[in-house]
1. Return the sequence-ordered ³J(HN,Hα) values of the stretch 67-75 in whole Hz as given by the Karplus equation 6.51 cos²θ - 1.76 cosθ + 1.60 applied to θ = phi - 60°, using x for Gly and Pro.
2. Give the residue from ILE79, THR26, THR111 lying farthest towards the positive end of the charge dipole for the stretch 9-128; charges sit on Cβ (+1 for Lys and Arg, -1 for Asp and Glu) and the dipole is referred to the Cα centre.
3. Run the quick spin-label model on GLN53 and SER83: label points 7 Å from Cα toward the beta carbon, then report their separation in nm to one decimal.
4. Per residue of the stretch 102-113, in order, report the coupling 6.51 cos²θ - 1.76 cosθ + 1.60 (Karplus, θ = phi - 60°) as ³J(HN,Hα) in whole Hz, putting x for Gly and Pro.
5. Excluding ligands and nucleic acids, what accessible area in Å² is computed for TRP65 using a 1.4 Å probe, to the nearest 10?
6. Indicate, rounded to the nearest 5 percent, the antiparallel portion of the DSSP beta bridges found entirely in the chain.
7. Aspartates and glutamates within cross-link reach of LYS67: Cα-Cα under 18 Å, excluding same-chain residues under 8 positions apart?
8. Averaging sequence separations of C-alpha pairs under 8 Å and six or more residues apart, then dividing by the length of the chain, give the relative contact order as a whole percent.
Amino acid sequence: YSRKKGHGCNKCLDMRSPKVVLLLQTILGGEMNYTLPGVKRESGRPVEVDILQDDFILEYDGKRWHKDREENDESKTLILLESGFRVLRLREKPLPLLNINHANFCQKRVTWTLDRGHWENILEDYIL
């Protein structure tokens, strides 16, 4: 599986999440599927984020890939916050919200759509 090369995994055949991330990137600008230099997980693996714009990170959590991965999502988010980033996680319904309370962290449960106006309205509430 490689988001950078545009390949989907067998669990994500419809490529829903990458399409939304691309749409969000066209609205926000910034770098898409960016590997953060010097930021690593406890395992030593580098941290890749969906969208990076200056010190702001947007993560889109699609329900297929992120189902039952709350612990992993929380761990990654805490690493990003400890590294000084502001983080917005958009979590596709029915994913639960993460158990994180931090001044530089926001999250919202969202419905999947490719309607640009829908995403512009959501992002306006948080960052635009």
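1. Calculated HN-Hα couplings, in order: 4, 6, 10, 4, 4, 5, 5, 5, 4 Hz.
2. Going by the charge dipole, the pick is THR111.
3. So the label points at GLN53 and SER83 sit 1.9 nm apart.
4. Values, residue by residue: 8, 4, 9, 10, 10, 8, 8, 7, 10, 9, 5, 6 Hz.
5. Only protein atoms counted, so the area is about 100 Å².
6. The antiparallel fraction comes to roughly 45 percent.
7. Excluding near neighbours in sequence, the set is ASP14, ASP50, GLU59, GLU92.
8. 20
The values are calculated or read from the model by the stated rules, or taken from the named source; none is laboratory data. Just so it is clear, the structure is predicted and the values come from calculations on it, not from any experiment. Here the Cβ is made from the backbone with ideal geometry for all residues, glycine too, and neighbour counts use every protein chain on show. For accessibility, only protein heavy atoms count, side chains too; no ligands or nucleic acids. Shrake-Rupley method; radii C 1.70, N 1.55, O 1.52, S 1.80 Å.
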